[in-house]
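Participant: Would you mind keeping the following structure in view while I ask a few things?
The values are calculated or read from the model by the stated rules, or taken from the named source; none is laboratory data. Worth saying up front: this structure is predicted, and the values here are computed from it rather than measured. No Cβ is skipped: glycine too gets one built from the backbone with ideal geometry, and neighbour counts run over all protein chains shown. Heavy atoms of the whole protein, side chains included, go into the accessibility calculation; ligands, DNA and RNA do not. Shrake-Rupley method; radii C 1.70, N 1.55, O 1.52, S 1.80 Å.
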Amino acid sequence: MSLSEVQDRIRAAAEKAGRPADSVRLVAVSKVQPLDRVEAVLAAGHRLYGENRVQEAAGKWPALRERFPDVTLHLIGPLQTNKIRQALDLFDAIETVDRPKLARKLADEIQARGASPTLFVQINTGEEPQKAGTLPAEADAFIAECRGPLGLPIAGLMCIPPIDEEPAPHFALLAKIAERNGLAELSMGMSGDFESAISLGATYVRVGSAIFGERDYG
Ligand SMILES: *Cc1c(COP(=O)(O)O)cnc(C)c1O
């Protein structure tokens, strides 16, 4: 696949779901990818990117942003509290707010700065012990704590379904939790399942290998 093919498929999936094509935004996940592949997608005009590690993003994006200042960057991987400042310096959105300690420290730092990135609460829809995210049963209370006492402007929810399960029920669960909490944005769907996610209401899809090619972790 390629950037334009993924964009075409997003548009088609949105239309099929009876939604405007621009209601789904593409987060191009550039983690681990060689710089020349990322530069090619930047040269093609794409401006919204996702990285899952603060350190890796810090080594790559400041220089790229000098040439492409209108880039928007989402953090889509776990955030350690000792990296909050660095993350706020780098990212326009943090998709992985998932626990009270992180939310409290984020709120302190955001208040000190007087500006907040776009924030998503990550939900561990598959209740996987090794995976980050708030458990579905705790989601409403955690979202309420973030928005109420902590004053965090939560825009939506994010999930990563278990790799060995049909993703659609997880997307549907995320949409249901968002709806009952009055949250508009849903970050869900990756290379293998973004069309299914769009049919279930995704407003952001996070697509890496289908745009850039397979990641080489060697
Ligand atoms: C790597 C990653 C993606 C993209 O995965 P692909 O299968 O390459 O599209 C999406 N979301 C998160 C959280 C990721 O870590």
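Participant: Take the conditions within 16 Å of the ligand (Cβ to nearest atom), loosely packed, with under 13 Cβ neighbours inside 10 Å and free of Cβ contacts under 8 Å to residues at least 60 places away in the same chain and apply them to GLN7. Does it pass? Spell out how you get there, then give the answer.
Facilitator: Numbers: within 16 Å of the ligand (Cβ to nearest atom): yes; loosely packed, with under 13 Cβ neighbours inside 10 Å: no; free of Cβ contacts under 8 Å to residues at least 60 places away in the same chain: yes.
It is false that GLN7 is within 16 Å of the ligand (Cβ to nearest atom), loosely packed, with under 13 Cβ neighbours inside 10 Å and free of Cβ contacts under 8 Å to residues at least 60 places away in the same chain.
Participant: Continuing with the same structure: Test of understanding: among LEU73, LEU88, LEU79, LEU42, which residue is modelled with pLDDT of 95 or more, under 21 Å from GLY208 (Cα atoms), surrounded by 14 or more Cβ atoms within 10 Å (Cβ to Cβ) and more than 16 Å from the ligand (Cβ to nearest atom)?
Facilitator: Numbers: LEU73 fails: more than 16 Å from the ligand (Cβ to nearest atom); LEU88 fails: under 21 Å from GLY208 (Cα atoms); LEU79 fails: more than 16 Å from the ligand (Cβ to nearest atom).
Just one listed residue meets the conditions, LEU42.
Participant: Right, another one. Can you tell me which of (1) within 16 Å of the ligand (Cβ to nearest atom); (2) more than 22 Å from GLN80 (Cα to Cα); (3) in contact with a Phe, Trp or Tyr (Cβ under 6 Å, 6 or more places away or on another chain) is the one LEU48 doesn't meet?
Facilitator: (3)
Participant: Take the residues in region 113-134 that are loosely packed, with under 13 Cβ neighbours inside 10 Å and not acidic (Asp, Glu), then tell me which one is nearest to ILE94 (Cα to Cα).
Facilitator: If we filter region 113-134 for residues that are loosely packed, with under 13 Cβ neighbours inside 10 Å, which is where we start, we get 113-115, 127, 129-130.
With the extra rule that they be not acidic (Asp, Glu), the set shrinks to 113-115, 129-130.
On the way: ARG113: 16, GLY114: 16, ALA115: 13, PRO129: 22, GLN130: 20 Å.
Among those residues, the one meeting the criterion is ALA115.
Participant: Taking only region 51-64 into account, find how many residues are open to solvent by less than 20 Å² (accessible area, probe 1.4 Å) and within 15 Å of the ligand (Cβ to nearest atom). Steps first, please.
Facilitator: Step one: of region 51-64, the residues open to solvent by less than 20 Å² (accessible area, probe 1.4 Å) are 51, 54, 57, 61, 64.
Those left that are additionally within 15 Å of the ligand (Cβ to nearest atom): 51, 54, 57.
Qualifying residue count, region 51-64: 3.
Participant: Next up: Output the strands (runs of 3 or more DSSP E) that fall wholly within region 143-218 and possess 1 or more residues being away from the ligand (no atom under 16 Å from the Cβ), among the small types (Gly, Ala, Ser) and open to solvent by 20 Å² or more (accessible area, probe 1.4 Å), or say none. Let's see the steps before the verdict.
Facilitator: Values: elements: 154-158, 185-187, 204-207.
In region 143-218, 154-158 are the strands (runs of 3 or more DSSP E) which contain 1 or more residues that are away from the ligand (no atom under 16 Å from the Cβ), among the small types (Gly, Ala, Ser) and open to solvent by 20 Å² or more (accessible area, probe 1.4 Å).
Participant: Just the residues that are part of a helix (DSSP H, G or I) and open to solvent by 50 Å² or more (accessible area, probe 1.4 Å), please, taken from region 10-34.
Facilitator: ARG11, ALA12, GLU15, LYS16, ASP22
Participant: Quick one: ALA137 ticks every box in (1) out of contact with any helix residue (DSSP H, G or I) (no Cβ under 7 Å at 6 or more places or on another chain); (2) within 16 Å of the ligand (Cβ to nearest atom) except a single one, so which number is it?
Facilitator: Status for ALA137: all satisfied but (2).
Participant: Kindly list the number of the only condition in (1) under 22 Å from ILE123 (Cβ atoms); (2) surrounded by fewer than 19 Cβ atoms within 10 Å (Cβ to Cβ); (3) touching a residue at least 60 places away in the same chain (Cβ under 8 Å); (4) among the hydroxyl-bearing types (Ser, Thr, Tyr) that fails for SER2.
Facilitator: It is condition (1) that SER2 fails.
Participant: Testing ARG37 on (1) open to solvent by 70 Å² or more (accessible area, probe 1.4 Å); (2) within 15 Å of the ligand (Cβ to nearest atom); (3) free of Cβ contacts under 8 Å to residues at least 60 places away in the same chain, one condition comes back false. Which one is that?
Facilitator: Only one criterion in (1) open to solvent by 70 Å² or more (accessible area, probe 1.4 Å); (2) within 15 Å of the ligand (Cβ to nearest atom); (3) free of Cβ contacts under 8 Å to residues at least 60 places away in the same chain is unmet by ARG37, namely (3).
Participant: Where the second residue is among the small types (Gly, Ala, Ser) and the first is over 12 Å from GLY156 (Cα atoms) and lies in region 108-125, which pairs have Cβ atoms under 6 Å and are six or more apart or on separate chains?
Facilitator: ILE110/SER116; PRO117/ALA93; ASN124/GLY133
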